[in-house]
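The structure appears below as structure tokens.
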């Protein structure tokens, strides 16, 4: 009986397979073609490095004047870093940037003659374009008349100042310090980190002439340390109240 049932089921399966026909064959794979280049499109050159390339942002067709900038640099000044920035004082717009290495060399530093829009301006020396607005080395304000010539002198000589922080009994191995200028509220210095250890508890700085305040950023009963920079110096800074 079982063999008869198995024979019937096998015969029925064979009948279905014959009725269904051969298995379908997969379609041939289509090779993808590379996209054709769009005619008339040219790849843009890479952006210039603002630290070494001169740039002017004066809109065409506006009234301009001339500013002559004399920069005093500490020797050796053969390949000075940074540049000269000229900004509109009302808007903070950067109108001209010239690397110091590209400016005319003089016995005391560098000289630059640039055309900018007439009006009130800031002329500064900074490490790069981004620092020209608020983290400059030195800055002066001036007014440039249309068709006139304005002379500006910038003392960008930086002095090596070594600060030895005294933090009382606090054991702070990595203490960040905030530096600001008390004689220039527009200046915002970066946070510097001093590695305060038993062997080396100094904070080396390169600062232009001016009045500064140094304060630990970490919480604590600290008071700012006032620092008047007129030349190279080594000072001991106490921050305890």
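Each peptide in 204-210, 121-127 gets a packing score, the mean of other Cβ atoms within 10 Å over its residues, and the list from highest to lowest is 121-127, 204-210. Listed peptides 211-217, 234-240 appear in the order 211-217, 234-240 once ranked by packing, highest mean of other Cβ atoms within 10 Å at the front.
Considering the zone a paramagnetic label at residue 118 would reach in this model (a point 7 Å from Cα along the Cα-to-Cβ line), which residues of the range 131-153 have amide N under 19 Å from it? Taking a point 7 Å out along Cα→Cβ of residue 118, the residues of the range 131-153 whose backbone N falls under 19 Å are 142-152.
Every number here is computed from the coordinates shown, using simple stated rules; none is lab data. Worth saying up front: this structure is predicted, and the values here are computed from it rather than measured. Positions of Cβ are generated from backbone atoms using ideal geometry, with glycine treated the same way; all protein chains shown enter the neighbour counts.
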